[in-house]
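The values are calculated or read from the model by the stated rules, or taken from the named source; none is laboratory data. Here the structure is a predicted model, which is why all the values come from computation and not from measurement. Because the Cβ atoms are built from the backbone with ideal geometry, glycine has one as well, and the counts that use them run over all protein chains shown.
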Amino acid sequence: MKSAKFKGLGVALVTPFLPDGTIDFSNLERLVHNLIAHGADYLLALGTNSESPAMSSEEKRDVVKAIVSATAGRVPIVMGVGGYNTQQIISDFNSLDFNDIDAILSVTPYYNKPSQKGLLEHYRALNHHAPRPVLLYNVPSRTSCNLEAETTLRIAEECPNIIGIKEASGNMNQIMKIIKHKPADFMVISGDDAITLPLLAVGIDGVISVVANAYPTEMAQLVHLGMEHRFKEAQLYHYQILDIIQACFKEGSPAGIKAFLAMQGKMEYYLRLPLYRVSVELQRYIKELTER
C-alpha cells in the first residue's frame, strides 16, 4: 500500500540559517540525524515550516539534496510542492528532481480563494501529472481557503494518486467526517500538534509535526502509543509537552520552534524576513520551558 510508509510521526523540517543569511547545512544535517535517531517515521522537506517561500529555486534544490543525503534512505521523504497557480505546479512537477522523494505534499491554493469546484479541478490536475503520490494539505488559517470534507472525500474517491490529507483545519467535526467516510487506504494525518492525541483516538494515521523538530522523542512516544490505543500512556506525553506546543505557536511558526531549537543549542536563531524572532517575553518563557 502506497500510504503505509507515511503512518506515525512525520516532521516538518525547519531550515537553519547562518548569521549572513545563508543556509546552515551542517545543522540541517545534524537535525535530520537527530530526528531519525529519536523516532521520526518520515520527514517533510520544503513545507511552509522550512521558510521555503523565502528561498530561491537553487536553495530549495540544495536543501532537498542535503536532506536526502543525510537521510540516506533510512526513512521516507515528502517534499512540499504547492501554490496558487495550477499550471506552475505542474511545470514544477516536470522540472524538479524527485529521485529519492517518496511523496508530495501540496497545500490548497492560497490567497485567491478558489471555490470547492476549483479545488476539486486543481487536485484532479495534480493527480494526473504528479510524479509521486500526493498528500493534500488543508490549512485554512494560513490559506483563507478550507478544503471541505465533501470535497476531500470526492478527491479521495476519484484521484488514485492522491493518498491522503494533512488536515490542519482544527475542525474536529470536519476531520471526523473525513475519517468516517474515506476509502480504507486514504490517510488522514494531523497537521496540529496540540490535538494529535484526541485525533488519534478517532482514527487518524499520525501527525506531520512542527514541535518534533525540538522534541522528537516525546512526539514519537505520544504518536506511537496513541496508534497502539495506549491512550493513558500517550496522555502523559501529551501533557508533558502541551505548554511547549502552545508556546511554540503563540507568535507564529517557525519563529517559535526555532527559538526552542536555539535554546537547545541545535542551531542559531535566525529567520528570513518577513518572518522575525519571537518577543523577548516569549523567549524568556521558552527558556523556562526548556530548563524544566
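For region 267-292, a residue qualifies if it is without any contact (Cβ under 8 Å) to a residue 60 or more places away in the chain and hydroxyl-bearing (Ser, Thr, Tyr), and the qualifying residues are Tyr269, Tyr276, Ser279, Tyr285, Thr290.
Residues in region 190-220 that are assigned to a helix (DSSP H, G or I), crowded, with 21+ Cβ neighbours inside 10 Å and among the polar types (S, T, N, Q): Thr196, Asn213. Within the bounds of region 267-284, is there any residue that is buried (at least 21 other Cβ atoms within 10 Å of the Cβ) and within 20 Å of Leu200 (Cβ to Cβ)? The answer is no; no qualifying residue exists. Determine which member of the set Pro53, Pro19, Pro114, Pro109 is in contact with a Phe, Trp or Tyr (Cβ under 6 Å, 6 or more places away or on another chain) and either part of a loop (DSSP other than H, G, I, E, B) or under 30 Å from Thr151 (Cα atoms) (or both). Being in contact with a Phe, Trp or Tyr (Cβ under 6 Å, 6 or more places away or on another chain) and either part of a loop (DSSP other than H, G, I, E, B) or under 30 Å from Thr151 (Cα atoms) (or both) holds for just one of Pro53, Pro19, Pro114, Pro109, which is Pro109. A Cβ distance below 8 Å, combined with a sequence gap of six or more or placement on separate chains, defines the contacts here; from region 93-109, residues that are within 24 Å of Ser209 (Cα to Cα) and modelled with pLDDT under 95 reach residues that are surrounded by fewer than 18 Cβ atoms within 10 Å (Cβ to Cβ) and among the hydroxyl-bearing types (Ser, Thr, Tyr) in the pairs Pro109/Tyr84.
Considering region 118-128, and only residues there that are surrounded by 17 or more Cβ atoms within 10 Å (Cβ to Cβ) and touching a helix residue (DSSP H, G or I) at 6+ places or on another chain (Cβ under 6 Å), the residue that is nearest to Ser106 (Cα to Cα) turns out to be Tyr123. Return the residues of region 75-88 that are in a helix (DSSP H, G or I) and in contact (Cβ under 8 Å) with a residue 40 or more places away in the chain; say none if nothing qualifies. Of everything in region 75-88, just one residue is in a helix (DSSP H, G or I) and in contact (Cβ under 8 Å) with a residue 40 or more places away in the chain, namely Thr86. Against the criterion of being over 20 Å from the mean Cα position of the chain (by Cα) and either surrounded by 18 or more Cβ atoms within 10 Å (Cβ to Cβ) or polar (S, T, N, Q) (or both), Ser141 does not qualify.
Scanning region 257-266 for residues that are assigned to a helix (DSSP H, G or I) and free of Cβ contacts under 8 Å to residues at least 40 places away in the same chain, we see that the one that is surrounded by the fewest Cβ atoms within 10 Å (Cβ to Cβ) is Met263. Of the residues making up region 198-242, those that are touching a Leu at 6+ places or on another chain (Cβ under 6 Å) and among the β-branched types (Val, Ile, Thr) number 2. For region 63-106, the candidate set comprises residues that are of a type in the set (D, E, K, R) and either more than 24 Å from Leu28 (Cα to Cα) or over 19 Å from the mean Cα position of the chain (by Cα) (or both); within that set, the residue that is surrounded by the most Cβ atoms within 10 Å (Cβ to Cβ) is Asp92. Can you pull out every residue in region 6-48 that is of a type in the set (S, T, N, Q) and surrounded by fewer than 24 Cβ atoms within 10 Å (Cβ to Cβ)? Passing the criteria: Thr22, Ser26, Asn27, Asn34, Thr48.
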